[in-house]
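Enquirer: Pasting in a structure now, in structure tokens, and then I'll have a few things to ask.
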Amino acid sequence: MTHPAFALTQHGWLRRLLRPWSLLMRTSERGLIIFAAVGAALRLAVRPSTWNRAVREELARQVINAGLFAVPAAALAGIGVGVFIVVQAQQWLDRLGHVSLLGPLLVVGVVREIAPLVTNLLVIGRSGSSMTTEVANMKMLGDVDLLEAQGIDPFVYLVVPRILGMGIAVLCLNLIVLLVSLISGRLLVLIVSSDPTPMVAFADNVLRSLEVIDVFNLLAKTVLTGMLTGAICCVTGLQAAPHPLAVAAASRASFMRCMAALLTVSGFVSLSMYLDLV
């Protein structure tokens, strides 16, 4: 006589019932691994013994690839934000007669939300998938095993520079997006309107609207999300099966995971700031 539990499994009902819980457990386990990788990278970063010449060169290469080479794209994104957000905010506040609210509005909209989101999307789309592919190919070709055979810790040489490099790149690119968006938007307003407010007064209005909490918001939505992106790309690449098709699958999976991490962290930070302000 067939056991009822076996019958449920055989017909797929038990698997369907447990599938959401299994997915939740796998997602939680993956998230713990990612945060553990970021924590381990930060712990190793404060050790002078970590920063030998090879690791320093690898960090510099990651910052150049993910940050320096992306400056033109960041500047273009900043111009887009300036044209579509800063100009629109200026025009509507002029019509409503509340020009004094321009600084606080730009801080809430551009500094806290739009610029970090645009920067992270730029880095994920441009550098995240390529980083996952690079790490997965290194594993498939045996380069990771070769590092271990040479007595080199793959985590120190491969993961730590990529996690820290992504955090540095996102922070620097976000500052570029912010500056370009505010400057380009203000210059366009001066061209298309008769607003007599000089650039210095505009900058002073924005700076006076900044608060201490905006610094923590900036670090959380740039450095933290950037490091999480680097960790996700490295972990996903190292977990990829040694097969060419698995490399492409890992690249797609890392993109979706990076997007999920970005939206989760950004939403949590924004909600925390909102609750604190209320």
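Enquirer: With unit charges on the beta carbons (Lys and Arg positive, Asp and Glu negative) and the dipole taken about the Cα centre of region 82-205, which residue among Leu146, Ser181, Met166 sits farthest to the positive side?
Expert: Value: Ser181.
Enquirer: At 222 nm, what value in deg cm²/dmol follows for the chain if DSSP H runs of at least 4 each add -39500 (n - 2.57) and the sum is divided by all its residues, to the nearest 500?
Expert: -24500 deg cm²/dmol
Enquirer: Tally Lys/Arg at +1 and Asp/Glu at -1 over every other residue whose Cβ is under 11 Å from the Cβ of Ala66; what's the total? Show your work: numbers first, answer last.
Expert: Numbers: positive: Arg61, Arg126, Arg162; negative: none.
Residues near Ala66 contribute +3 overall.
Enquirer: Putting +1 on Lys and Arg Cβ atoms and -1 on Asp and Glu Cβ atoms, find which of Gln88, Leu210, Ala41 reaches farthest to the positive end of the dipole of the chain.
Expert: Ala41
Enquirer: Helix 53-66 against the longest principal axis of the chain: what's the angle in degrees, Cα atoms only, rounded to the nearest 10?
Expert: Helix 53-66 and the main axis of the chain meet at about 60 degrees.
Enquirer: Among Val206, Val38, Val110, determine the one that fluctuates most according to a GNM of the chain built with springs between C-alpha atoms less than 10 Å apart.
Expert: Sorting by GNM fluctuation, first place goes to Val206.
Enquirer: Turning to a different aspect of this structure: Residues with beta-carbon under 14 Å from that of Val170, excluding Val170: net charge, scoring Lys, Arg +1 and Asp, Glu -1?
Expert: +3
Enquirer: For a quick protection proxy, order the peptides 119-129, 251-261, 231-241, 158-168 by their average other-Cβ count within 10 Å, most packed first.
Expert: Those peptides, ordered most packed to least, come out 158-168, 231-241, 119-129, 251-261.
Enquirer: Select from Asn65, Asn52, Asn217 the residue whose mean-square fluctuation is largest in a Gaussian network model of the chain (Cα-Cα springs shorter than 10 Å).
Expert: Per the Cα network of the chain with a 10 Å cutoff, Asn52 tops the list.
Enquirer: Give the accessible surface of the chain per residue, rounded to a whole number of Å², with probe radius 1.4 Å and ligands, DNA and RNA excluded.
Expert: Computed with neighbouring chains in place, this is 55 Å² per residue.
Enquirer: Taking the Cα centre of region 115-236 as the origin, how large is its charge dipole in debye, to the nearest 20, when only Lys and Arg (+1) and Asp and Glu (-1) carry charge on their Cβ atoms? Before the final figure, lay out each step's value.
Expert: Numbers: 6 positive and 9 negative charges, 60 e Å.
Charge dipole, region 115-236, about its Cα centre: 280 debye, nearest 20.
Enquirer: Which one of Asp145, Asp214, Asp204 has the biggest mean-square fluctuation once the chain is modelled by GNM with Cα springs under 10 Å?
Expert: Checking each option, the largest mean-square fluctuation is seen for Asp204.
Enquirer: Treating only the Cβ atoms of Lys and Arg (+1) and Asp and Glu (-1) as charged, compute the dipole magnitude of region 35-167 about its Cα centre; round to the nearest 20 debye.
Expert: 280
Enquirer: Tally up the carbon and sulfur contribution to the accessible surface of the chain as a whole percent, 1.4 Å probe, everything protein left in place.
Expert: Carbon with sulfur: 72 percent of the solvent-accessible area.
Enquirer: Using only the alpha-carbon atoms, how far is helix 244-277 inclined from the longest principal axis of the chain? Give it as 0 to 90 degrees, nearest 10.
Expert: On a 0 to 90 degree scale, this one is about 50.
Enquirer: Candidates (i) 18.5, 61; (ii) 18.4, 67; (iii) 23.0, 89; which is the computed Rg and Dmax of the Cα atoms in Å?
Expert: Answer by label: (iii).
Enquirer: Also, I was wondering about something else. May I ask which residue of Met256, Val55, Gln239 lies farthest towards the positive end of the charge dipole of the chain, with charges of +1 (Lys, Arg) and -1 (Asp, Glu) on Cβ and the Cα centre as origin?
Expert: Of the options given, the answer is Gln239.
Enquirer: When only C-alpha pairs under 8 Å and at least 6 residues apart count, what is the relative contact order of the chain, in percent?
Expert: On the way: 302 pairs, mean separation 82.1, N = 278.
It rounds to 30 percent for the chain.
The values are calculated or read from the model by the stated rules, or taken from the named source; none is laboratory data. Source: prediction; values computed, not measured. No Cβ is skipped: glycine too gets one built from the backbone with ideal geometry, and neighbour counts run over all protein chains shown. SASA here: full protein model, heavy atoms, side chains in, ligands and nucleic acids out. Shrake-Rupley method; radii C 1.70, N 1.55, O 1.52, S 1.80 Å.
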